[in-house]
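Participant: Before I ask anything, here is the structure I am working with.
The values are calculated or read from the model by the stated rules, or taken from the named source; none is laboratory data. Keep in mind that this is a model prediction, so the values were computed, not measured. Methodologically, a virtual Cβ is constructed for each residue, glycine included, from the backbone with ideal geometry; neighbour enumeration extends over all protein chains shown. These accessible areas exclude ligands, DNA and RNA; they are computed on the full protein's heavy atoms, side chains included. Shrake-Rupley method; radii C 1.70, N 1.55, O 1.52, S 1.80 Å.
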Amino acid sequence: MIESLTDILATTVLYMTPLLLAAMGGLFSERSGVVNIGLEGLMTIGAFTAVVTTLETHNPWLGLVTAMLAGMLFSIPHAIASITFKADQVVSGVALNFLALGVAVYLVKSLYKGSGQTPDVQDVLQAMPIPGLENIPVIGPALFRAFPTTYLALIIVFIGYVVLYRTPFGMRLRAVGEHPQAAETMGVNVYRMRYTGVLISGALAGLGGASLSIAIGSQFSESTIAGQGFIALATLIFGKWHPFGVLGASTFFGFAVALALKGQLIGLTTYVPSEALNMLPYILTILALAGFVGRAEAPAAIGKTYETGGR
Amino acid sequence: MDAVEMKGITKRFPGIVANDGVNLKVKQGEIHALLGENGAGKSTLMNILFGLYQPDEGKILIKGKETEITGPTVAGELGIGMVHQHFMLVDPFTVTENIILGSEPTTNGMINKRRAEKEVQAISDRYGLKVDPRAKIRDISVGMQQRVEILKTLYRGAEILIFDEPTAVLAPQEIDELIVIMENLVKEGKTIIFITHKLKEIMRICDVVTIIRQGKFIGRVEVADTDENRLASMMVGRDVSFTVDKKPAKPKDKILSIRDIRVQDSRGVDAVRGLNMEIKAGEIVGLAGVDGNGQSELIEAITGLKKVQSGEVILNGKKITNLKPKTITHSGVGHIPEDRHRRGLVLDFSIGENMVLQTFDQKPFAKGWSLQYPAIHSYAKRLIEEFDVRTPDIHTPARALSGGNQQKGIIAREVDRDPDFLIAAQPTRGLDVGAIEGIHRRLIEQRDKGKAILLMSLELEEIWQLSDHIAVIYEGKIAGWVDPASTTEEEIGLLMAGYRAGTEVTS
Ligand SMILES: Nc1ncnc2c1ncn2[C@@H]1O[C@H](COP(=O)(O)OP(=O)(O)O)[C@@H](O)[C@H]1O
Ligand SMILES: [Mg+2]
C-alpha cells in the first residue's frame, strides 16, 4: 500500500512538471495582459526541438536550451500580431497552435524519411536523486528522485514569484496587465513589457514541452503534447494567475493523471472506470476555459489590445 | 516667470479638430483655470502638455525653454504631473505600489517597500493628504483615490500640477478638502493648472482663467476682473441664465406610488427600508440626500434592475413590482440613468443604434428577425436634430461623443418614447453650464407636458431649482418632505443629516 502511494505521488510529480512549466510561462504572458492560447503550440515546438537537438548532439541539456529558444522564437509572431498589430489574441494564439504543429510534423517527416515520429532518444535526461532526502520514507522516492526538469520547474516557480512580486519589472508587468494606461502615464513602456511577457511564455512553454519529450518520454510525434498546453491554461486559471496557485493547480492536475494511470494500484478502478479518470483533467480544462471558474481573478486588461493615447 | 507657455497648439483627431491654435500661459505659483464646455478640448490640451499626445502644430515652452514633450517620462523630468479625469490607478495594487510604479526604490534589485511606504507617508503628511500607504486602491473612497493621484505627481517631484476636472467626482465636503490641499500646494511653490467648468470654484480659488470653446482659444482673464456671468458667456458663446424659468406646476392624476418598499444593496444590506412616495402627472419630485442613502437602489428597484424585497411599486394603477426591466420600460417608464456609460449607452454602438436600445425589436425598426436600418437611421437622425446632439453623424460610436452630447442622446431616447413617468438620476453630473441649462429646460418641458418626474441629484441647487416637491432621503427612508419655495438650506441640511424635523407635507 505504501509503495502504491509512493508510486502515485511520483507519477503526480512527473506529470505536474510540464504543466507547471508551461503554466508559469502563460502566467508571465497573461499577467502582462496577453492571452496565450498558443501554449500548446509552443510546447509542441519545444518538445520537437529538444528531441532533434538531443539526437544530434547527444546532450539533453543542450536540448532544453534549444527548446527554450525555439519556444521564444515561435512566440514572436503571436507577440507581433497581438501587440503590435492589435489582432485578436485568441485567434492569433490558435493560429500559433496550428502553425507549430504543422511545422513540427512536417519537419519530422522530412528529417526522418516520412516517419510520423522521431527515433528514440538514447541520451534522455536521467532522474536526479537528491542524496539524503531521497531516503525519506514515502515522499523521498516520490519527490527527490525526480527529473532535473522538475527541480527546474520548482525553482522557476520560486523565482517567478520573487520577480513578479518583489522586483520593479514584475510590478510593471502586472500593472500593464491590469491598467495599461495607468502604467503608461507612469512612464512604463506597455509594448515592451507585453513583448517580454510573451517571450518568457515561449521560453517556459518550450521547456515544458522538452520535459515531456526528453525526460518523461523519449521521442516526438504529433501526439506528444496532446492537449497538455490547454491543460496548462486551465492550470493557470485554477491557480488564479499566481505562481503558488499554479503550483497547487498543476499538482492537482498531475494527481488526476496519476489516478488515471495508477488508480488500479489502490483499487480505485473497481469503483470508477479508468476512462472516467482519464477524462478528468480534460473536463476540468473545459470548465476552466469555458469561463466557469476563476474569471474574477483574471488580470483586468487581459485580452485587450492597447494603443498609446487611445481611450 | 511663465512656468508653462503653449503657443498655437493644434491637434486633430479623425473627423475633429480637438485643439485649434490654442494658447496657454501659466505663471509660476498661480492656480490657473482652464475653462471650457465638455468636448472643448481641455483634456486634449493637457494630454499634450503631459506628453500623452503629440501636437500637430504649435510650440511648448517650459520655464521659458522650448521643449518637445515626447512622452509622460519626459513630462515627468520637466516637473509636470497630471491628475487625470479618469483615475489612472491599478485597482488591486496598494496606494504605495501605485505611487512608486515606474520609479521604484530598490535595494539589490528588489523593491524596497518599507522605504517607499515611509516616503509616501512623509509626503502625505507634508501636504495634509491623510492617505494610508498600505491600503488597496479598491478599498478606498474616490476622494482618497484622487489624493493618491496627487501623491503620484508629488512623489515624482512635480512642480507643475495638472488637475483634470478633479471636482467632478467629489462630494461637497471632499471638494472643500481638495481646495485646502491645492492651497497648500501653491504655498509650497507649486503651479497648478485646474480644469473645470464649475464657475464657482474658479471664482473661489483661481488667479487666472484661460477659456477655450470648440477647440479654439477664446481668451485669458484675471479672475479678479471678471464674474461668473461673463465667464459663462465666454465659455458657451452666448448669454446663459442660471435661474430656471418655470411656471407653477399643475399636478393632475397620481402616476406613481411606492408603498413601503425594501431593497437591498449589492452586498445584501437593506438600502431602502420601507419607503413611501407618490408622484403626480405634471410635477417634479426632487429626491435630495447625501450619496449612499438608498437613492440608487430605489431607482434600480423602480426600473426593475434590482429586486424589491417587499412592498409595491404602482404605475397608473397597475403593479409593476419586480417585473422585467423591459416590461417596466414599455409600461411607461423612462430612465435617464445615473451612470450613463454603464447603464445609459452601449458605448461601442453608434449613437444611432443607441437611440433604439429599447425599441429595436418593434416596428418600424424590426420586421420579424431583421433590423430595418433605414428606419432606425431616419429615426436617429430626427432625434439628433431635434435634441441638438452634436455628433459628426449617426454612425459615430457613442464613446466618441462628449458627455453632454451623450446625455442629450439618452434624454432624446427616453423622452421620445413618451413615457408617463420619467426618472432623471443625476442628469447633469459632470456637464457644463451650457449643457445643464439645456437639460433643465427639457425636464421642465416634459413636466409641462404632463409627465410625472422623479429627479435624483446630489446637487442641492439643482433639486431646488427644478422640483415642485422635495423629498429628502435618509438611510433608505423619506426623512421629510419640504416645499422648495419656502424651505431653507438649513432645514434640508438637517433632514439630510437624519434629523426628522421637517414639515411633513405629503405621505
Ligand atoms: N483619443 C481621441 N480620439 C478621437 N477623438 C478624441 C480623442 N480624445 C478626444 N477626442 C475628441 O476631441 C474633442 C475634445 O475632447 P476633450 O479634450 O476630451 O474635451 P474636454 O476635456 O474639454 O471635455 C472631443 O470632441 C472628443 O470627442
Ligand atoms: Mg476632459
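Participant: From the list A:VAL90, A:VAL105, exactly one residue is crowded, with 17+ Cβ neighbours inside 10 Å and outside any loop (DSSP other than H, G, I, E, B). Which is it?
Facilitator: Sole residue among the options that is crowded, with 17+ Cβ neighbours inside 10 Å and outside any loop (DSSP other than H, G, I, E, B): A:VAL105.
Participant: Only one of B:GLY409, B:GLY403, B:GLY352 is under 18 Å from the mean Cα position of the chain (by Cα), away from ligand 1 (no atom under 13 Å from the Cβ) and open to solvent by less than 20 Å² (accessible area, probe 1.4 Å); which?
Facilitator: B:GLY409
Participant: Right, something else. Search the range B:34-49 for residues that are on the phi < 0 side of the Ramachandran plot and pair each with any residue that is within 6 Å of ligand 1 (Cβ to nearest atom) and assigned to a strand (DSSP E or B) when their beta-carbon atoms are under 7 Å apart and the residues are at least 6 apart or on different chains.
Facilitator: B:THR44/B:ALA18
Participant: Within the set of pairs 6 or more residues apart or between chains, which connect a residue that is over 13 Å from A:ILE216 (Cα atoms) inside the range A:118-141 to a residue that is of a type in the set (Asp, Glu) with Cβ atoms less than 8 Å apart?
Facilitator: Pairs found: A:GLY140/A:GLU134; A:PRO141/A:GLU134.
This table checks each residue for (1) within 16 Å of ligand 1 (Cβ to nearest atom); (2) within 14 Å of chain A (Cβ to nearest Cβ); (3) of a type outside the set (Asp, Glu).
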site: B:GLN145; (1), (2), (3): no, yes, yes
site: B:ALA158; (1), (2), (3): no, yes, yes
site: B:LEU170; (1), (2), (3): no, no, yes
site: B:GLU188; (1), (2), (3): no, no, no
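Participant: Can you tell me which residue is modelled with the highest pLDDT among those in the range B:287-304 that are open to solvent by 10 Å² or more (accessible area, probe 1.4 Å) and farther than 19 Å from B:ALA452 by Cβ?
Facilitator: Among those residues, the one meeting the criterion is B:GLU297.
Participant: Sort through A:GLY187, A:GLY140 and tell me the only one that's within 14 Å of chain B (Cβ to nearest Cβ) and either part of a loop (DSSP other than H, G, I, E, B) or modelled with pLDDT under 95 (or both).
Facilitator: None of the others qualify; the one that does is A:GLY187.
Participant: Further question on the same structure: Within the range B:56-64, is even one residue within 12 Å of chain A (Cβ to nearest Cβ), open to solvent by less than 40 Å² (accessible area, probe 1.4 Å) and of a type in the set (A, V, I, L, M, F, W, C)?
Facilitator: Scanning the range B:56-64, I find no residue that is within 12 Å of chain A (Cβ to nearest Cβ), open to solvent by less than 40 Å² (accessible area, probe 1.4 Å) and of a type in the set (A, V, I, L, M, F, W, C), so the answer is no.
Participant: Would you pick out the residues in the range A:219-261 that are within 22 Å of A:VAL272 (Cα to Cα) and open to solvent by 50 Å² or more (accessible area, probe 1.4 Å)?
Facilitator: Passing the criteria: A:THR251, A:PHE252, A:PHE255, A:LEU261.
Participant: Name the residues in the range B:20-40 that are within 11 Å of ligand 1 (Cβ to nearest atom) and more than 14 Å from every other protein chain (Cβ to nearest Cβ), would you?
Facilitator: B:ASP20, B:VAL22, B:LEU34, B:LEU35, B:GLY36, B:GLU37, B:ASN38, B:ALA40
Participant: Among the strands (runs of 3 or more DSSP E) confined wholly to the range B:26-91, which include 1 or more residues that are within 21 Å of the chain's Cα centre (by Cα) and within 16 Å of ligand 2 (Cβ to nearest atom)?
Facilitator: B:31-35, B:80-83
Participant: Moving on. When the residues of the range B:321-349 are narrowed to those that are farther than 19 Å from B:ASP420 by Cα and hydrophobic (A, V, I, L, M, F, W, C), which ends up most open to solvent (accessible area, probe 1.4 Å)?
Facilitator: Applying the filter and picking the extreme gives B:PHE349.
Per-residue answers, yes or no, for (1) touching a strand residue (DSSP E or B) at 6+ places or on another chain (Cβ under 6 Å); (2) surrounded by 19 or more Cβ atoms within 10 Å (Cβ to Cβ):
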| position | (1), (2) |
| --- | --- |
| B:ARG429 | no, no |
| B:VAL433 | no, yes |
| B:LEU454 | yes, yes |
| B:GLU489 | no, no |
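Participant: Sticking with this structure for a sec: Out of (1) within 16 Å of ligand 1 (Cβ to nearest atom); (2) within 23 Å of B:MET144 (Cα to Cα); (3) of a type in the set (Gly, Ala, Ser), what's the single condition that is false for B:GLY81?
Facilitator: (1)
Participant: Which pairs turn up if I take residues in the range B:81-105 that are facing chain A (nearest Cβ under 7 Å) and look for partners that are of a type in the set (Ser, Thr, Tyr) with beta carbon separation below 6 Å, at least 6 apart in sequence or on another chain?
Facilitator: Close Cβ pairs (under 6 Å, with a partner that is of a type in the set (Ser, Thr, Tyr)) amount to B:MET88/A:THR185.
Participant: Another one. Residue by residue through the range A:171-184, note down the ones that are at the interface with chain B (Cβ under 7 Å from one of its Cβ atoms) and touching a Lys or Arg at 6+ places or on another chain (Cβ under 6 Å).
Facilitator: none
Participant: Considering only residues that are within 19 Å of the chain's Cα centre (by Cα) and closer than 20 Å to B:ALA435 by Cα, which ones fall in the range B:194-212?
Facilitator: B:ILE195, B:THR196, B:HIS197, B:LYS198, B:LEU199, B:LYS200, B:GLU201, B:ILE202
Participant: Okay, next question. How many of the residues making up the range A:1-51 are in a helix (DSSP H, G or I), under 11 Å from the mean Cα position of the chain (by Cα) and of a type in the set (Gly, Ala, Ser)?
Facilitator: Result for the range A:1-51: 6.
Yes or no, residue by residue, for (1) more than 28 Å from B:GLU338 (Cα to Cα); (2) aromatic (Phe, Trp, Tyr); (3) modelled with pLDDT of 90 or more; (4) within 16 Å of ligand 2 (Cβ to nearest atom):
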{"position": "B:ASP132", "(1), (2), (3), (4)": "yes, no, yes, no"}
{"position": "B:LYS136", "(1), (2), (3), (4)": "no, no, yes, no"}
{"position": "B:VAL142", "(1), (2), (3), (4)": "no, no, no, no"}
{"position": "B:PHE163", "(1), (2), (3), (4)": "no, yes, yes, yes"}
{"position": "B:ALA171", "(1), (2), (3), (4)": "no, no, no, no"}
{"position": "B:MET182", "(1), (2), (3), (4)": "yes, no, yes, no"}
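Participant: All but one of (1) away from ligand 1 (no atom under 16 Å from the Cβ); (2) crowded, with 16+ Cβ neighbours inside 10 Å; (3) within 14 Å of chain A (Cβ to nearest Cβ); (4) among the charged types (D, E, K, R) hold for B:LYS11, so report the exception by its number.
Facilitator: Evaluating B:LYS11 over (1) away from ligand 1 (no atom under 16 Å from the Cβ); (2) crowded, with 16+ Cβ neighbours inside 10 Å; (3) within 14 Å of chain A (Cβ to nearest Cβ); (4) among the charged types (D, E, K, R) leaves (1) as the failure.
Conditions (1) more than 30 Å from A:GLN117 (Cβ to Cβ); (2) assigned to a helix (DSSP H, G or I); (3) touching a Phe, Trp or Tyr at 6+ places or on another chain (Cβ under 7 Å), marked per residue:
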residue: A:TYR191; (1), (2), (3): yes, yes, no
residue: A:GLN219; (1), (2), (3): no, no, no
residue: A:LEU233; (1), (2), (3): no, yes, no
residue: A:GLY254; (1), (2), (3): no, yes, yes
residue: A:ALA260; (1), (2), (3): no, yes, no
residue: A:LEU265; (1), (2), (3): no, yes, no
residue: A:ILE286; (1), (2), (3): no, yes, no
residue: A:GLY291; (1), (2), (3): yes, no, no
